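**Student:** Next up is a structure, given as C-alpha cells.
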Amino acid sequence: MLLSASLLLLTAAAPQAAGDIVPSALATRPGVVQLGEEPYDWSLQQGRRPSSLRVADNTANCSTATIKTQRNSGSDEVHDCGFD
Amino acid sequence: MLLLLTNGIDGTADILVELCAARGVPVFRFNIDLWAQYRFAWTADGFVFRDPTGRSVDSGAIDAVLWRRPSLHETPEWEGGSPEDRAATEAELQTIVREIADWARGRGRLRLIDPAGSRRVGRLAQMRVARDFFRVPDWAVGWGVRWPAGRRMVKRLTAEPVGADHDRYIYVQSVESDRLAPEWPWLLQEIAEGDRDATVLYVHGRCFGFEMAHTRTELGVEDWRIRNVAHDDPWRPWMLPEGVADRIDAYMRRLGLRFGRLDFIAGGPELVFLEVNPNGQFGWLDDPEGWPLHTAVLDALLDPSSTIDGRAVTLEEG
C-alpha cells in the first residue's frame, strides 16, 4: 500500500545511490515491423483491399497495419511502440 | 462522405474502407505520411483533397470525420527536403490535420474518437474517476521521494519515446520501488490482484470483452503489457461479469468518451481497472469472419449520435 502524498514527502529523500534506477535504464527499443516492398495500394481508397493482406497481429499498438502497403526506398521500419 | 484521417499503414482503416465499399458508403482516406502524393487546398469557402487516382473530396460533401492515426511518428519517413524543411513541414501537416478535426467538430461532423481524448483524460484523471466504478490499484506520482520498499509497477504518463534518437520506450514494468532514483518523477502503481488480463473495446455504448488465454503465472509476468509481443499471445472473447458493461458505459460517459479500449485484471476478488486508451487499437482482436469490431465502429461512425460535441465534461466535482 502506497502512503499518502504528505507522508511520502515526510520520508527522507536520500540522495541518489549507486544502483538506483534512472528513467533511461527502463527504456527498451521496441520490436520492429519490417514493411514489405510493395508501394502503397491506392485501391485501398476504393475499398478493394487485396484479399492476401490481413491485419497484422504483431502491430496491434501503433497501427494494426497491413504490412505490405508501403514502400519508401525499400528500407523502412516502423516501430512497434507498445500497447497504448 | 466519410473522411478518414490516418496513415498509409493503418490496417483498421483498410478494413473500414472495405466495409464502406460493401455498404456503398462513400469514403475518402487521407494518409498523412503520403501527403505529398495528394493535392490539397483550403480557403475560407472550404477545402478539397485530391488523391493520385483522381478521387477528390470537397469539405461540403463531408458528413462525418474519423480521427484514426494521422501521425507521422508511427510511419516510415517520407522523402524530400532538408531535415529542417522536413521538421517544419511535419509540424504544419500535423496542425492542418488538427484544424480539419476542429473544423469537423465545429460542424458536428467529428465522430466517435476525440483527437484530444488522451490529453483531456490523462492517466491520473482516468484512475481518479475510475474509483467511482471499479477497484483501482493504489498509485502515486512524485519526485524528491524515496519510495517505500516493495515491488510495484512503473507506468508512464505519456507514450513519448526517450533517448537521443527517440527510438526507445519505457513500457509498463515492475521494479523494486525503493531502488528508483528519488530525484526523478515516477508514476507507480500497486500490482493488481488477479490472474488474467482482460481488455474491453467500448464503441459508443457497446462493450466487446476479451481476455488473455493464458494466466499471468503461465506467462510469467505481473502484467501482460510488460510483454513487448503481447499481441502475439492468444486472446479470446470474454463474457463480461454481470453489471460490468453498465459500469463501463457510465464510466466512459463520465469521461466524455464515445470510444476507447479499457484494460482490466480479472480473476481476483474484484475486477481491477488499469487504464483506458481513448484511441486504442483493436484490429488484432477482431474476427476476419465478418469483422464484428470494425463493423461496430463503422455503425457508430454513421450514427450522428456518436458526434464529438466538445461540450465541457465534468469529470470530478469539487
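**Student:** Rounded, prolate or oblate: which fits region B:41-163 when a ≥ b ≥ c are the square roots of the eigenvalues of the alpha-carbon gyration tensor, with rounded for a/c under 1.5 and prolate only if a/b beats b/c?
**Tutor:** Values: a/c = 3.37, a/b = 1.75, b/c = 1.93.
Taking the square roots of the gyration eigenvalues as a ≥ b ≥ c, region B:41-163 is oblate.
**Student:** Let me ask something additional. Could you compute how much accessible area chains A and B hide from each other, both sides summed, with a 1.4 Å probe? Nearest 100 Å² is fine.
**Tutor:** Buried: approximately 5600 Å² between B and A.
**Student:** A follow-up question, please. Within a 10 angstrom radius of each residue's Cβ in B:166-172, how many Cβ atoms of other chains show up on average? Whole number is fine.
**Tutor:** Neighbouring Cβ atoms belonging to other protein chains average 6 per residue here.
**Student:** Provide the gained length on full extension for the span B:ALA213 to B:SER82, in nm with one decimal, where the gain is 0.36 nm per separating residue minus the Cα-Cα distance. Please list the in-between numbers first.
**Tutor:** On the way: separation 131, 0.36 × 131 = 47.16 nm, distance 4.84 nm.
Residue separation times 0.36 nm, minus the Cα-Cα distance, leaves 42.3 nm.
**Student:** Select from region B:256-318 those trypsin sites (Lys or Arg not before Pro) which occupy a DSSP coil region and have at most 12 other Cβ atoms within 10 Å, ordered by residue number.
**Tutor:** Values: sites: B:ARG258, B:ARG261, B:ARG311; in loops: B:ARG258, B:ARG311.
Taking region B:256-318 and a limit of 12 other Cβ atoms within 10 Å, the loop trypsin sites (Lys or Arg not before Pro) found are B:ARG311.
**Student:** Another question, then. Given the DSSP H assignment, sum -39500 (n - 2.57) over each helix run of at least 4 residues in chain B and divide by its residue total; what's the result at 222 nm in deg cm²/dmol, nearest 500?
**Tutor:** Value at 222 nm, helices only: -7000 deg cm²/dmol.
**Student:** Could you tell me what percent of the accessible area of chain B is made up of carbon and sulfur, with a 1.4 Å probe and every protein chain present?
**Tutor:** Here carbon and sulfur together make up 49 percent of the probe-accessible area.
**Student:** Right, here's the next one. Can you give the extra length, in nm with one decimal, that the chain gains between B:ASP287 and B:ARG179 once fully stretched, where that is 0.36 nm per residue apart less the Cα-Cα distance? Before the final figure, lay out the partial values.
**Tutor:** Values: separation 108, 0.36 × 108 = 38.88 nm, distance 4.34 nm.
The B:ASP287-B:ARG179 span can extend by a further 34.5 nm.
**Student:** According to the square roots a ≥ b ≥ c of the eigenvalues of the Cα gyration tensor, what is the shape class of chain B, taking rounded for a/c under 1.5, prolate for a/b larger than b/c otherwise, and oblate for the remainder?
**Tutor:** prolate
**Student:** Per-residue mean of other chain beta-carbon atoms within 10 angstrom of the beta-carbon, peptide B:138-145? List each step's numbers first, then the result.
**Tutor:** Details: counts 3, 1, 5, 1, 5, 1, 4, 9.
Counting Cβ atoms of other protein chains within 10 Å of each residue's Cβ and averaging gives 4.
**Student:** Pick from B:PRO83, B:PRO137, B:PRO26 the residue whose mean-square fluctuation is largest in a GNM of chain B, springs joining Cα atoms under 10 Å.
**Tutor:** B:PRO83
**Student:** Just the number please: accessible area per residue for chain B, 1.4 Å probe, all protein chains included, in Å².
**Tutor:** Accessible surface, normalised per residue, equals 43 Å².
**Student:** Which whole number gives the average count of other chain Cβ atoms within 10 Å of the Cβ atoms across peptide B:276-289?
**Tutor:** Mean inter-chain Cβ contacts per residue within 10 Å come to 3.
**Student:** Please give the FRET efficiency for B:GLN94 paired with B:ALA61, using the beta carbon to beta carbon distance and R0 = 41 Å, rounded to the nearest 0.05.
**Tutor:** 0.95
**Student:** Could you tell me how many degrees, from 0 to 90 and to the nearest 10, lie between the Cα long axis of helix B:83-106 and the main elongation axis, the longest principal axis, of the Cα atoms of chain B?
**Tutor:** So the inclination is approximately 90 degrees.
**Student:** Going by alpha carbons, how many degrees (0 to 90, nearest 10) lie between the helix axis of B:244-255 and the longest principal axis of chain B?
**Tutor:** 60 degrees
The values are calculated or read from the model by the stated rules, or taken from the named source; none is laboratory data. Note that this is a predicted model, so its numbers are computed, not measured. Reconstructed Cβ throughout: ideal geometry from the backbone, glycine too, with neighbour counts over all protein chains shown. Surface areas here come from the heavy atoms of the whole protein model, side chains and all, with no ligands, DNA or RNA. Shrake-Rupley method; radii C 1.70, N 1.55, O 1.52, S 1.80 Å.
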